[in-house]
Structures are given as C-alpha cells and as structure tokens.
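As structure tokens, the structure follows; a few thoughts come after it.
The values are calculated or read from the model by the stated rules, or taken from the named source; none is laboratory data. All values derive from a computational prediction rather than experimental measurement. Positions of Cβ are backbone-derived with ideal geometry, glycine not excepted, and every protein chain shown enters the neighbour counts. Side chains are part of the model used for accessible areas, which takes the heavy atoms of the whole protein and leaves out ligands, DNA and RNA. Shrake-Rupley method; radii C 1.70, N 1.55, O 1.52, S 1.80 Å.
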2 protein chains.
Amino acid sequence: MTNKEVAILRIGHRPERDQRVTTHVALTGRALGAAGMYLAASDKGVVQSVLDVAERWGGQFFCEDNIKWRTCIKDWKAAGGKVVHLTMYGINLPDIIQEIRPCEKLLVVVGAEKVPGEMYGLADYNVAVTGQPHSEIASLALFLDRYHEGKEFGHDFPGAKIRIIPSRAGKQTEEL
Amino acid sequence: MTNKEVAILRIGHRPERDQRVTTHVALTGRALGAAGMYLAASDKGVVQSVLDVAERWGGQFFCEDNIKWRTCIKDWKAAGGKVVHLTMYGINLPDIIQEIRPCEKLLVVVGAEKVPGEMYGLADYNVAVTGQPHSEIASLALFLDRYHEGKEFGHDFPGAKIRIIPSRAGKQTEEL
C-alpha cells in the first residue's frame, strides 16, 4: 500500500442533509488508507469533525472543502493520476479491479444522489459495487478493500493519541 | 451463499437523525445478500423506503420496525443462530472471520453511536472492521463481503422490475 496514493473527491454534497453521510465517506476513506478527501462544497462542519478524528486517531488525513470538482479532476489527471467514479451503472468491481490495481495514483469520486452526466465521461473508470442501489459509503469501503487487497486492515496511524486494544467483549483503549 | 441465512439487527436508531444512515445499512445488507433487517425503533419511513427499493429491484428482503432487540437476539440464539456485533472495540475482522464463516445462521448487530454495554456480552462475536472510527455502513459491507468471500457480487434478485446493464460510461437500464 505504501506506494499507492488514493484521494477521495466528494461531489453533490448538500450541507445539512448530507453532513453525516459525507463524514462517513471521509472516515471510511481514512480508515482504509486514503490520503484525504476533497469536498466539492462549502462545509466547515464536516471538515472540522473529520480533522478532529484524524488528530486524535493519528495519520495524515487531509480534508479540504470549497473544491471545484472539474479542476480537481483535471489537475489530478495532469499529475499522472487516474480517476475512478463509483456508480451503480458502471462495470462491476470484480470485473474491473485488476485493470485498476496497477494505477498507483487514484482519485475516487463519490457522488451523492444526483451526479452530473459529464462525470461519466471524465472518469477513467466507472465502477459499480454490485449494480444494486445501496450506499456510497459501502461502495467506497469495498472498492478500497479490493484495491488494497485487504492490506489496509494492518494500516498504521502514526501520532495517534488513542488506540483500541482489540477484545472479545467490552471496550479497551490505550492513551498514547 | 445459498445455505447461509444472514439478518441485520439495527439498534440505537433515532428517528430523523439516523434515517438516512439506517436506510443505507438496510440497502447495503440487501445488496450483499442479507435476508432482511430488524429495526429496534419505530420508523415507518425507513421501512417504506427500503421495501420500495426491494419491490423494484427484486429479491425477498424484509424490513420490520418496532423490534425489541433483546428478544430478537434471544429468539435468534434459541433457533440455533449466532450473533455478531460490529464494533470498533472488537477483534479485527481478518483475525476472526474464519471462526465465524462456518456459522450458517447469523444475526449482524449494527449499532448507532451509543450501544448499551450489555450488547458486548450478548454477542457471540464482537468484530471490529479496522479498529478505527468510521462508519457502521462500511463495517457491514466489509463484514458481509468477507463472510460471503465475495460471492455476493454475483447475487441474483428474482422478480426485479429493473436491472442495470453495466457500462464503461453512461447509464443503461433494462425494464423487466
């Protein structure tokens, strides 16, 4: 995983209505080895709560709002990266992940309910996670897990102030 | 997957605040081969929107609200099933999934932010999906994917009125 650079671009976010889902998108990305999230909307609340988690639980996750999504995609491609758009209309994950895995710089676009038609053409890969309607959070989690081949479960978060000690029953944490 | 019976028990749901996340939990379960969701709260809105999706996209997914969670767990165990509780404090998924996989009747408990301490003792397995704070939707998705060993990506939904034709760019659907 060390050579791979993955970032998330969240589009279609509506402040208020999408705050929790977008926060889940960011934290899922962080837990599963993404470097950060670009948010194509203005929402300091989301940014702050994501950065608060990152500060306490470690690692270098970034979260930036007020991103222009077309520019973000253009710049990412200009820097040699590829763009994956998660959409139920795309090619099913198991049928395309091997083609994507060699790309080491990946922008994963995660839309809310409405995604501009233009997005399908801008993406290098439109990827479906089952082709059934469910959740962009679930789609992101499964995509990252397959992309990293499960290695993100051993991901390290340097600088953490707290760590969980896995246990069969109950809650055990360690302050660092 | 055919011999496996998986249901979800959603606890700690607060109407209004959790409606979208709980709906995502149900739809993620449905897409990844769960039989249905028990909701330990009263929320007809969630039930209706989940059943609307199931009606249109096929399969036999159930969704019941007003469930008493302790009774649900007790009945599940009495019928020979096992109970998995997804919690960041549990044993990391890759370290325990092989122990769980032979169980063919599984209730997966998905909590919202606050979970009663009692739950940790009632579960046969407390399972963490990375031990980092992120999303119960992501946790459920990764758990089901590992449990089914990826086979749920080929899951069939009989009786669907609509189906997606996977495509590299754009949206293609088929009315059935």
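Points worth noting:
- Contact surface B-A: accessible area buried, both sides summed, square angstrom, 1.4 angstrom probe: 4500 Å²
- Inter-chain shielding of A:98-104 (mean C-beta neighbours from other protein chains, 10 Å cut-off): 0
- Whether region B:90-147 is rounded, prolate or oblate, judged on the alpha carbon gyration tensor where a/c under 1.5 counts as rounded: oblate
- Links that overshoot a 22 Å alpha carbon limit, given the list A:K74/A:K105; A:K44/A:K171; B:K4/B:K74; B:K105/B:K151: A:K44/A:K171
- Percent antiparallel among DSSP beta bridges (both partners in the protein assembly as shown, rounded to 5): 10 percent
- At a threshold of 40 Å², the residues of region B:43-58 that become less accessible to a 1.4 Å probe in the full protein assembly than in their chain on its own are B:W57.
- Reduction of at least 20 Å² in accessible surface, 1.4 Å probe, comparing all protein chains with the chain by itself, residues of region B:143-176: B:D145, B:R146, B:F153, B:F157, B:I164, B:P166, B:S167, B:R168, B:A169, B:G170, B:K171
- Scalar couplings 3J(HN,Hα) for region B:51-68, obtained by applying the Karplus form with A = 6.51, B = -1.76, C = 1.60 to θ = phi - 60°, are 5, 4, 5, 4, 4, 7, 9, x, x, 10, 4, 9, 8, 10, 9, 6, 8, 8 Hz; x denotes Gly and Pro.
- Plainly put, the tip 7 Å out from Cα toward Cβ on B:P102 is 4.2 nm from that tip on each other copy, the closest given first.
- Axis of helix A:136-147 versus longest Cα principal axis of chain A: the two differ by about 80°, to the nearest ten degrees.
- Couplings 3J(HN,Hα) for region A:115-128, derived from phi with the Karplus relation 6.51 cos²θ - 1.76 cosθ + 1.60 (θ = phi - 60°), are 10, x, x, 3, 4, 4, x, 6, 6, 6, 9, 9, 10, 9 Hz, where x marks Gly and Pro.
- Between helix B:19-31 and chain B: long-axis angle, C-alpha atoms, 0 to 90°, nearest 10: 70 degrees
- Carbon-plus-sulfur accessible fraction, chain B (probe radius 1.4 Å, protein heavy atoms only): 48%.
- Chain A shape via C-alpha gyration tensor axes, a/c threshold 1.5: prolate
- Average other protein chain Cβ within 10 Å of Cβ, residues A:123-130: 4
- Placing a label point 7 Å from the Cα of B:Q19 along the Cα-to-Cβ direction, the residues of region A:1-34 whose backbone N falls under 13 Å of that point are A:17-18.
- At 7 Å out from Cα toward Cβ: A:R70 inter-copy label distances (nm, ascending): 5.9
- Average accessible surface for the protein assembly as shown: 42 Å² per residue, computed with a 1.4 Å probe over protein heavy atoms with every protein chain in place.
- Student exercise, the protein assembly as shown dipole from Lys, Arg, Asp, Glu Cβ charges, in Debye to nearest 20: 180 debye
- About the centre of its Cα atoms, chain A shows a dipole size close to 120 debye [charges on the beta carbon of Lys, Arg (+1) and Asp, Glu (-1) only; nearest 20 debye].
- Annotation: amide H of B:V6 within the under-5 Å range of B:A35, B:L106, sequence separation 5 or more or interchain, hydrogens built in the peptide plane.
- Cα gyration tensor category, rounded, prolate or oblate, for the protein assembly as shown with a/c compared to 1.5: oblate
- Comparing A:H134, B:V21, A:Q172 along the charge dipole axis of the protein assembly as shown, the residue lying farthest to the positive side is B:V21, per the Cβ-charge model.
- Sorted from nearest, the other copies put their A:R56 label points 3.8 nm away, the label point being 7 Å from Cα in the direction of Cβ.
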